[in-house]
1. If you take semi-axes √(5λ) of the Cα gyration tensor in Å from the coordinates, which of [x] 32, 20, 13; [y] 25, 20, 19; [z] 52, 20, 15 do you get?
2. Hey, if you put +1 on the Cβ of every Lys and Arg and -1 on every Asp and Glu Cβ in the range 49-200, which of LEU185, LEU94, LEU65 ends up farthest toward the positive end of that dipole?
3. Please compute the per residue accessible area over the chain with all protein chains in place, 1.4 Å probe, rounded to a whole number of Å².
4. Please list, in order, the residues from the range 115-130 whose amide nitrogen is less than 20 Å from a point placed 7 Å along the Cα→Cβ vector of LEU101.
5. Express in nm, to one decimal, how much length is gained between SER196 and LEU11 on full extension, taking 0.36 nm for each residue of separation and deducting their alpha carbon distance.
6. Modelled label-to-label distance, LEU110 and LEU159, 7 Å Cα→beta-carbon offset: nm?
7. Each label point is 7 Å from the Cα along the Cα-to-Cβ direction; what then is the distance between the points at GLN74 and VAL52, in nm?
8. So if we plug the beta-carbon distance of LEU19 and MET66 into 1/(1 + (r/R0)^6) with R0 = 22 Å, what FRET efficiency do we get, rounded to 0.05?
Amino acid sequence: MKPPSLARSSLQTMMVLGLRLLTQACSLILAMRLFGPALYGNVAAASSLAVVLGVLPNLGAGTLLMRRIALEPQAPADVWRYAWPQHLLLGLGLSVIYVRLAPTISGAGLIPTACWAGFALTEIVLSPLIVQLSMTLQALERVPLGQLLQIIPLLLRVLAMAACFALPPGRRLQGYVALQCVAALIGLALALRVGSRRVR
């Protein structure tokens, strides 16, 4: 990458990361106001545990791709060929374990079973696929675009969270979880569309 291109890419990456920080701050503030102190603690425990488990389905596929891409132009196709079945199998397996064990481990007893399944689908199954597509673009020196792919679902989640204020207090949690899943699905669809145009 040429120096002017590197500087431009660095500036774009800083802007995207700043947007990500702003988005996460907005999500935190909205969640606290949406659920209140008691329920927010349960939601934070459930989603945090799901996010931690969501790191596992990747199994370093994105890092392996970054290592191979300099010497092997066919690396994105090779890695993606095994990465997406791996993501789905491990993600679904971990989701079952999460739904069965997480309520006991986290102590978040105020959350219905359907909401646990929604957290699992969003953070363990869908989000790792978006991360893999993002890392594929970053490996191809499209770092700002790759980071943006991860931010789009977060932006959609903020909008979904804001929409939940229109729901009755007793239905906000279910609406929140459902809309988070929809946001992740839309983000994955966009990531697949963008990635397929730039990667063979």
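1. [x]
2. The listed residue farthest towards the positive side: LEU185.
3. On the way: 10680 Å² over 200 residues.
I get 53 Å² per residue for this part.
4. It comes to 115-126, 128, nothing else.
5. On the way: separation 185, 0.36 × 185 = 66.60 nm, distance 2.52 nm.
Length gained between SER196 and LEU11: 64.1 nm.
6. 2.9 nm
7. About 4.1 nm, to one decimal.
8. Values: r = 23 Å, r/R0 = 1.04.
Efficiency at R0 = 22 Å is approximately 0.45.
The values are calculated or read from the model by the stated rules, or taken from the named source; none is laboratory data. Being a predicted model, the structure only gives us computed values, none of them experimental. Glycine gets a Cβ as well: all are built from the backbone with ideal geometry, and neighbour counts include every protein chain shown. These area figures cover heavy atoms from the full protein model, side chains too; ligands, DNA and RNA do not enter into them. Shrake-Rupley method; radii C 1.70, N 1.55, O 1.52, S 1.80 Å.
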